[in-house]
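The values are calculated or read from the model by the stated rules, or taken from the named source; none is laboratory data. The structure displayed is predicted, hence computed values, not measured ones. Reconstructed Cβ throughout: ideal geometry from the backbone, glycine too, with neighbour counts over all protein chains shown.
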Amino acid sequence: MLFEHAARSVALPDHVPVLDFFRQTLAVTESELRKLRHDPLELLTRAVQPALWLLVFGHVFSRVRDIPTGGLRYLDFMAPGILAQSVLFIAIFYGISVIWERDLGILHKFLVSPASRAALVLGKALSAGGRGLSQACLVYGLALLMGIQARFTAGAILGVGAFIVLGSAIFSTLSLAVACLVKTRERFMGMGQVLTMPLFFASNAIYPLALMPAWLRVIASVNPLTYQVDALRDLMIHGGTTTFGLGVDLAVHVVMLTVLVSVVTKLYPRIIN
């Protein structure tokens, strides 16, 4: 079984609760990432969307002079938002894998394994970061080709990677919560479509908060994608600035992930009922 093999490969001391939880989480993460290794075509198909947004939408809207981007070219302003959008679009449909696992009987084996439910949920959430990081590689490659003023220092890239993993974990955990509630693939796909567009357009991904009406700024202030874009824009782009501060962005990510993991840990067994 994948989970058992992965658990044995993570060699940590036994009978230490924190280390046991860490080992279990890594085992689930490894087993999930192994699926991605066997299906690299998924990464190629996911690459089309950010490429189209940057090459088509970005070039068209770069001709609009009235968008206040804080002195940045519009393509530079937009690139972190498109990276965050790609992470969102991949992670928000991650929950459908749980429905497949239930139908194949795999989920039952996970739930009776020694791993805690929190480790199962967090491991799956962190594995979504691998898909998000693949999108980061693509966007950085496009940045080089398109002359986007991206930062390529080690600190900036590590910071971007950390926020991508956290953002992927948040949205994939939200996706798991939806899967636990709706329980069928058809309803899940419908809910995924309902969630993605409001999260994307009620954020600062393609236009600044200053352009939004007051009611939309209120929604954006509780949208996790807003804080991810804010952090990526500061870390990724030369001359980029953060509206809230990296400390606030990080705190929002950690709090939201903690809350969502706690909620989904309670909901997880419901999907098999």
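Out of Ala177, Ala154, Ala169, Ala150, I need the residue that is in contact with a strand residue (DSSP E or B) (Cβ under 9 Å, 6 or more places away or on another chain) and farther than 20 Å from Gly245 by Cβ. Which one? Give the steps one after another, and end with the answer.
Numbers: Ala177 fails: in contact with a strand residue (DSSP E or B) (Cβ under 9 Å, 6 or more places away or on another chain); Ala154 fails: in contact with a strand residue (DSSP E or B) (Cβ under 9 Å, 6 or more places away or on another chain); Ala169 fails: in contact with a strand residue (DSSP E or B) (Cβ under 9 Å, 6 or more places away or on another chain).
Within the list Ala177, Ala154, Ala169, Ala150, the selection yields Ala150.
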Point to revise | Complete set of residues in region 121-166 that are assigned to a helix (DSSP H, G or I), more than 14 Å from the chain's Cα centre (by Cα) and among the aromatic types (Phe, Trp, Tyr) | key: Tyr140
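When you go through Tyr94, Tyr140, Tyr74 one by one, which is the residue that is within 25 Å of Ser262 (Cβ to Cβ) and of a type in the set (Phe, Trp, Tyr)? Step through it out loud before you land on a result.
Working: Tyr140 fails: within 25 Å of Ser262 (Cβ to Cβ); Tyr74 fails: within 25 Å of Ser262 (Cβ to Cβ).
Sole residue among the options that is within 25 Å of Ser262 (Cβ to Cβ) and of a type in the set (Phe, Trp, Tyr): Tyr94.
In region 172-188, which residues are surrounded by 15 or more Cβ atoms within 10 Å (Cβ to Cβ) and in a helix (DSSP H, G or I)? Give the derivation first.
Of all residues in region 172-188, those surrounded by 15 or more Cβ atoms within 10 Å (Cβ to Cβ) come to 172-180, 182-183, 188.
If the condition is that a residue be surrounded by 15 or more Cβ atoms within 10 Å (Cβ to Cβ) and in a helix (DSSP H, G or I), then Ser172, Thr173, Leu174, Ser175, Leu176, Ala177, Val178, Ala179, Cys180, Val182, Phe188 are the ones that fit.
Is it the case that some residue within region 35-49 is surrounded by 22 or more Cβ atoms within 10 Å (Cβ to Cβ) and either modelled with pLDDT of 75 or more or not in a helix (DSSP H, G or I) (or both)?
No, that holds for no residue.
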Point to revise | Breaking point among (1) modelled with pLDDT under 95; (2) buried (at least 16 other Cβ atoms within 10 Å of the Cβ); (3) charged (D, E, K, R), for Asp230 | key: (1)
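Okay, residues lined up against (1) outside any helix (DSSP H, G or I); (2) on the phi < 0 side of the Ramachandran plot; (3) not small (Gly, Ala, Ser):
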{"site": "Met191", "(1), (2), (3)": "no, yes, yes"}
{"site": "Leu199", "(1), (2), (3)": "no, yes, yes"}
{"site": "Asn204", "(1), (2), (3)": "yes, yes, yes"}
{"site": "Asp234", "(1), (2), (3)": "no, yes, yes"}
{"site": "Thr241", "(1), (2), (3)": "yes, yes, yes"}
{"site": "Asp249", "(1), (2), (3)": "no, yes, yes"}
{"site": "Leu257", "(1), (2), (3)": "no, yes, yes"}
{"site": "Ser262", "(1), (2), (3)": "no, yes, no"}
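Please enumerate the residues belonging to region 176-199 that are among the charged types (D, E, K, R) and without any contact (Cβ under 8 Å) to a residue 40 or more places away in the chain. Talk me through it step by step, then tell me what you get.
Initial filter on region 176-199 (among the charged types (D, E, K, R)): 183, 185-187.
If the condition is that a residue be among the charged types (D, E, K, R) and without any contact (Cβ under 8 Å) to a residue 40 or more places away in the chain, then Glu186, Arg187 are the ones that fit.
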Point to revise | Out of Ala169, Ala118, sole residue that is part of a helix (DSSP H, G or I), over 16 Å from the mean Cα position of the chain (by Cα) and touching a residue at least 12 places away in the same chain (Cβ under 8 Å) | key: Ala118
**Study point:** Checklist (1) surrounded by 13 or more Cβ atoms within 10 Å (Cβ to Cβ); (2) modelled with pLDDT of 95 or more; (3) over 28 Å from Trp53 (Cα atoms) applied to Val252, failing item
**Key:** (3)
Practice item. Considering only region 204-222, state which residues are under 17 Å from the mean Cα position of the chain (by Cα) and under 21 Å from Leu133 (Cα atoms). Key: Asn204, Ala205
